[in-house]
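This report concerns only the one structure given below.
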Ligand code: ARG
């Protein structure tokens, strides 16, 4: 059977037998790359410009192709195309759109769309456009999450909690300081997305054809310009073989969900009755089918779980390139599948995170309950001894001994301990914080939990966010 009886195949002239149906289905990527439809469409519109610009097709044919593509654009926008594409039996979205254009142009104009084009440069260009689009969406997600965290931080500049390391009480911090620590990574992620966007739009692969460029006079600049790329790619083989943009964006997403998962892990613990620092809203909590009293923080647990899944997919995408020769290999279809899956899953994970976060109430009294306990002011007392002339080692040993004694007596450190420490170092007038508020207020370094430093950080983060809004 030749290709003429198999319109869904983009090849076949040299074969006498049809492909095995199972192998054809195994090689299909349509379900994975339906999400690429709008980008492949833009890519096809740009290719028509390249064909017309090079005089390969005349303006009437270009208009016919543009008009067919316009119809497909409408079908993609209203969702109809997905049914058409799935029913077409096409291997991938690129073939499905090409087949639909040929069907719409009844006079054979559609057969010109693929002149001078390979699916290799088509896939590469489509993926670059998709990656750039998702990088912008990644920036939006990060900005949204950082904004939620900042808004809550402004409500809690005076709420105190026991900052922990190793989950053990360490030093008092303000809740605002913790929330800002949670927000900072999302600003860094936004920068990562901005960089990935710029890189994706740097050079246009379209016109690279299969790997060697084309003998047809394609107007590559016209295509690149229409798609918004800064220039045309410099090496056809590199252009069709690289998946850098997809991997960079998948990595930026994978990093963001890891940041989200770390915040989730604290919130999950804070939502337990033992802490009770936070209460999840009804809209983001789940109950138990058996235990009537339950209020479970499922969205935060699911975000934490999804982070592993997204990393597995993103790392699968990168590792699918290991040892692959230059140019195109069908393995790259796997890279595409995993990269897209990582990105799409990450986008819904980040919006779930942001929704659940916005529905979380922080309870100041519960937060403060543990802030001064567990000897969290010990470091401030040691700092005070150093200020009065003790060496760091001496101060550490003396305060450590005072903590040991207080622990035996089942009490916190108090003014009597300060008096004894003062005598031990021959100091007069030793003042040191004995509660969380005083400890926080005593910090004087830039970037600390001190109220003035926290205020400065809030203002700086707001300015950064504004800056991002202007670039979006
Ligand atoms: N379905 C393939 C993909 O998405 C299309 C690439 C076709 N190129 C080729 N040389 N077979 O990667």
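Give me the percent relative contact order of the range 42-115, please, defined on Cα pairs under 8 angstrom at least 6 residues apart. Computed over the range 42-115, the figure is 32 percent.
Counting only Cα atoms, the size of the range 114-162 along its three principal axes is 66, 18, 6 Å, in decreasing order.
Computed from the C-beta positions of residue 441 and residue 258, the FRET efficiency with R₀ = 35 Å rounds to 0.55.
How far is the Cα center of the range 39-88 from the Cα center of the range 96-126, in Å? Their Cα centres are 8 Å away from one another. Of 178, 167, 112, the sequence from fewest to most neighbouring Cβ atoms within 10 angstrom is 167, 112, 178. Under the criterion of Cα pairs below 8 Å and six or more residues apart, the relative contact order for the range 414-472 equals 16 percent. The Cα-based radius of gyration of the range 330-411, divided by its Kirkwood radius, gives an Rg/Rh of 1.41. For the chain, the longest principal axis of the Cα atoms and the long axis of helix 175-200 meet at an angle of about 20 degrees. Ranking of 249, 318 by neighbouring Cβ atoms within 10 Å, starting from the fewest: 318, 249. Can you pull the Kirkwood radius for the range 208-268, inverse mean 1/r over Cα pairs, to one decimal in Å? After inverting the mean inverse Cα-Cα distance, the result is 14.6 Å.
Over the range 318-372, the hull volume per residue, using the convex hull of the C-alpha atoms, is 119 Å³. In the range 123-245, the convex hull through the Cα atoms has an average projected area of 10.0 nm², a quarter of its surface area. Helix 331-358 sits at what angle to the longest principal axis of the chain, using alpha carbons and giving 0 to 90 degrees rounded to 10? Result, in degrees: 40. Its residues counted as N, the range 228-374 yields a C-alpha radius of gyration over 2.2 N^0.38 Å of 1.43. For the range 300-454, evaluate the Debye formula with one uniform point scatterer on each Cα (no solvent term) and list log10 I(q)/I(0) at q = 0.12, 0.19 Å⁻¹, rounded to two decimals. Taken in order of the listed q values, log10 I(q)/I(0) reads -0.72, -1.11. For the range 427-472, the Kirkwood estimate of hydrodynamic radius, built from reciprocal distances between every pair of different alpha carbons, is 12.7 Å. The calculated Kirkwood hydrodynamic radius for the range 70-138 is 13.2 Å, given to one decimal from all distinct C-alpha pairs.
Taking the chain as the reference, fit the longest principal axis to its C-alpha atoms, fit the long axis of helix 37-53 to the helix C-alpha atoms, and give the angle between the two in degrees, 0 to 90, nearest 10. That works out to roughly 50 degrees. Both the radius of gyration and Dmax for the range 381-449 are 12.2, 37 Å, in that order, over alpha-carbon atoms.
Extension gain, residue 230 to residue 71: 0.36 nm times the residue separation minus the Cα-Cα distance gives 54.4 nm. The modelled label-to-label distance for the pair residue 351/residue 290, using points 7 Å beyond Cα in the direction of Cβ, is 3.5 nm. The relative contact order of the chain, computed from alpha carbon pairs under 8 Å that lie at least 6 residues apart in sequence, is 16 percent. Between residue 269 and residue 309, the modelled label-to-label distance comes to 2.5 nm, taking each label 7 Å out from Cα in the direction of the beta carbon. Exposure proxy ranking for 125, 272, based on other Cβ atoms within 10 angstrom of each Cβ and starting from the fewest, stands as 272, 125. If I take all pairs of Cα atoms in the range 176-232, what percentage of them are more than 15 Å from each other? It works out to 63 percent of all Cα pairs. If you wrap the Cα atoms of the range 354-401 in a convex hull and average its projected area over all directions, you get 5.3 nm². Computed over the range 127-189, the P(r) curve from all C-alpha pair distances, binned at 5 Å from the origin, holds 4, 18, 19, 16, 15, 10, 7, 5, 4, 2 percent per bin.
Once Rh for the range 84-185 is found with the Kirkwood sum over Cα pairs, what is the Stokes-Einstein diffusion coefficient at 4 °C and 1.567 mPa s, in µm²/s? The estimated diffusion coefficient comes to 70 µm²/s.
An ellipsoid equivalent to the range 2-118, defined through the eigenvalues of its Cα gyration tensor, has semi-axes of 24, 18, 12 Å when rounded to whole angstrom and sorted largest first.
Overall, the ratio between the Cα radius of gyration of the range 43-94 and 2.2 N^0.38 Å, rounded to two decimals, is 1.29.
Our Cα-only numbers for the range 251-337 put the radius of gyration and Dmax at 18.8, 59 Å.
Taking all Cα-Cα distances within the range 278-319, those exceeding 16 Å account for 52%. For the chain, the Cα-based Rg and Dmax, in that order, read 30.2, 101 Å.
Here, each number is a calculation from the coordinates, and none is a lab measurement. The structure displayed is predicted, hence computed values, not measured ones. With ideal geometry, Cβ positions are generated from the backbone for all residues, glycine too; neighbour counts draw on all protein chains shown.
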